[in-house]
Each structure stands twice: as C-alpha cells, then as structure tokens.
Amino acid sequence: MPRTETGVQPGEPPEPKDLRPWGVVAADLPDPSTGRIGPDFFFPGRDTSRPFELEIGSGKGTFLVQEAATRAGSDFLGVEYAGEFFRHAADRVRRRGMAHVRLLYADAVEFVRHWVADGCVSVVHLYFSDPWPKKRHHKRRVVQLDTLAEFHRVLRPAGELRLVTDHPDLWAWYEERVPQVAHLFERRPFERPASAGEGEVVGTNFERKYRREGRPFHAMTLVRRG
Ligand SMILES: C[S@@+](CC[C@H](N)C(=O)[O-])C[C@H]1O[C@@H](n2cnc3c(N)ncnc32)[C@H](O)[C@@H]1O
C-alpha cells in the first residue's frame, strides 16, 4: 500500500458509487495486459483533438478545478493515491459538474508506467511533490530517471512536464537529473498558468500554505524533444 508524507494514509478505496464518473478507482482500469489506455477511457466519445493533461498528486484538487475552469477546451485527469484527498477532489469536480475533469485513485507512477498510451498527454503537472527527505526513501520520489523516460513516452511531441517545489533537496534532485535526460527534454523557464492568483507560481493548496510561511519556490518546465 503506498504511503504519503502528508499525514493522510491512503486507507481503503473510497466508495466510488457516488463519485462516478468524476472519480475513478484503479480497480476500474482494464487489465494492462489488454493494452494501454488513452484519454477516451476517462472521457468517452471526446473530440480527439482536445489536449489531455495529467496532474500527479492533485491533493484536494485546488489547481485542477481552478485551471480547468479557465480552459474548457482541454481535458484534465488528476491522479491521487491518498483516499481522503481523492474523494475531496472528485467531490469538488462533481459539485461543479465539470465534464472535462476526472480524478483517478491510483499510484500515478504505476498508472503512467503500465496504463498510459504513448504520446497522448499534452502536459504533466507535478506540483509540490512529496520530497521524501530521508535517503532510504529517495526511491519513492516521483521523479526518477526511469519515470522521466516514462513521462517522455506518454507526452506528445513538444508536450510539457511542469515542476514546482519549495523543497531545496528535491529541487537539487531535479537539477541533478535534468541534465541526464537532456536528450529527452529541453529545459525552459516555468510560465505561470492562467489560473494562478496574484503573486502565485501555480496556486496549489500547498503553495498557499507554504507562502504564508514565507518559503521560496523553484519551478521549471521540461519540453519533450522528438
Ligand atoms: C505535498 S502534496 C501536494 C498536493 C498538491 N499538488 C498541492 O500542491 O497542493 C503531494 C500529494 O501527492 C500525492 N502523491 C504523492 N505521490 C503520489 C503518487 N505516486 N501517485 C499519486 N499521488 C501521489 C500525495 O498523496 C499528496 O496528496
């Protein structure tokens, strides 16, 4: 069972019956041996020209609902493995009746690795990812050389991986790995999304909390080569 650093244990999968179709649980996914899936799985009958964006670790869904409200022309999937946060975010989307936003209760790294089809994602958002500061836990960090290769695989050409953190060690970890995948990604400055508030980098829940504490933030965008 995955664990989080946020004090919320994943626990049992939430009862999905009231959250469908806004909330999907990993058990709803097809057996990966039957082939990979694209955005149509979450948005049946969608116009295939619509961009599909993935947020990893969407927490309470603040960024997702804010950003999706400004961009009705894109489809968004938030992946969250803490049950309480998943339920909270899916419920926010349900209450707003957002047909272009879905939440998935799953380990996002496993989901990307085993389920997501090649070249179908326009943007991967990864904001305030758990830093796992102890050395023996570094392997739990979302960004690893192999996950960067997976993000490259699922992104469309010129698709983006967008990273923001407050954590100096995690930022150093990113800075160390990015040159090692320079053949896969070009590094560019981070551009604030349309939904960010005054003075915000991206405007997630954690950013707002840490901003009150006066923490500085670090951000970059990696653009898929090839
Ligand atoms: C520090 S919180 C940040 C939440 C949100 N992005 C924000 O900035 O407010 C990190 C979130 O990522 C989730 N998370 C961490 N690793 C994950 C993974 N591999 N798959 C899905 N969710 C993950 C945690 O459960 C937690 O909700």
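List of remarks:
- Dmax and Rg, reported as Rg then Dmax, of the stretch 26-171 (C-alpha, Å): 14.8, 45
- With protein chains left intact and a 1.4 Å probe, residues in the chain average 47 Å² of accessible area per residue.
- Ranking E213, E191 by solvent-accessible area of protein heavy atoms (1.4 Å probe, all protein chains present), from largest to smallest, gives E191, E213.
- Inter-part distance where the stretch 193-226 and the stretch 26-82 are each reduced to a Cα centre, Å: 21 Å
- Bridgeable aspartates and glutamates around K139 (alpha carbons under 13 Å apart, same-chain partners fewer than 8 residues away excluded): D130.
- Protein-only accessible surface at a 1.4 angstrom probe places the residues T165, T48 in the order T48, T165, largest first.
- These residues, K135, K209, go from largest to smallest accessible area, 1.4 Å probe, as K135, K209.
- Environment charge at V79 (Cβ cut-off 11 Å; Lys +1, Arg +1, Asp -1, Glu -1): -3
- Within the full protein context, the accessible area of T70 is estimated at about 70 Å² for a probe radius of 1.4 Å.
The values are calculated or read from the model by the stated rules, or taken from the named source; none is laboratory data. As the structure is a computational prediction, the values presented were derived from the model and not from experiment. Glycine also receives a Cβ, built like all others from the backbone with ideal geometry; neighbour counts cover every protein chain displayed. We work out accessible area using only protein heavy atoms, side chains counted, and drop any ligands, DNA or RNA first. Shrake-Rupley method; radii C 1.70, N 1.55, O 1.52, S 1.80 Å.
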